[in-house]
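Have a look at the structure below, then the notes.
Just so it is clear, none of the values below were taken in a lab; they were calculated from the coordinates. It should be emphasised that the depicted structure is a prediction, and the values quoted were computed from it without experimental measurement. We place every Cβ from the backbone using ideal geometry, glycine too, and count neighbours over all the protein chains shown.
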Amino acid sequence: MPDSTAPAGQGPRTRVRPYRYEDADEFAALARDSRALHHPWLFPPLTPEAYRDYAGGVIEDPTKAGFLVCELTEGDPAGGGRIAGFININNIVRGGFLSGALGYGAFAHAAGRGLMGEGLRHVMRHAFGPLGLHRLEANIQPANAASIALVRGAGFRYEGYSPDFLRIDGDWRDHERWAITADMVRDTTAGGLSDPSG
């Protein structure tokens, strides 16, 4: 199996890299600062200890690949800049399926600035390249307009509606299903993966 922890790419504004345990303090602080943005859609770890458990669950699980989207800053060409958000490929299935499910979130300071869009294109290139996947799916609560806009902008297609799909914050939530395949990406000439700065 290809290395799911390899860096996913770097573009004009972002570098996408794997989770590290030493990111715990920064990630947790950004998650606390972003609670209003994330509620009621997602609940990332708010303490360094919770982050280390969360990151370990991604790092150690071969059915997951997790990445931090870091903002490039002037004077930091290595791309170790401030974390803008995170993107996970969960439930990676091999064989005849070759699919994974996306989970992601931006932090408040990065929301609406296009950083996650660039980061997602890096992750898609990694998924359809080194990881060898055929399909990525994103399941999104219908009222989460920003999340839907992110995947729509990356070329995902709407595939359907699933009532009571995932249990979140104590309740079963309806979700829309959005997906993209490697073939769709290869057929795209505008806004596709060849230009992650778009």
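Would you call ILE140 over 29 Å from TRP172 (Cα atoms), of a type in the set (Val, Ile, Thr) and surrounded by 18 or more Cβ atoms within 10 Å (Cβ to Cβ)?
Spelling it out, it is not the case that ILE140 is over 29 Å from TRP172 (Cα atoms), of a type in the set (Val, Ile, Thr) and surrounded by 18 or more Cβ atoms within 10 Å (Cβ to Cβ).
Suppose we filter GLU49, GLU60, GLU74 for residues that are surrounded by fewer than 19 Cβ atoms within 10 Å (Cβ to Cβ), under 20 Å from GLU118 (Cα atoms) and among the charged types (D, E, K, R); which single one remains?
After applying the criteria, what remains is GLU74.
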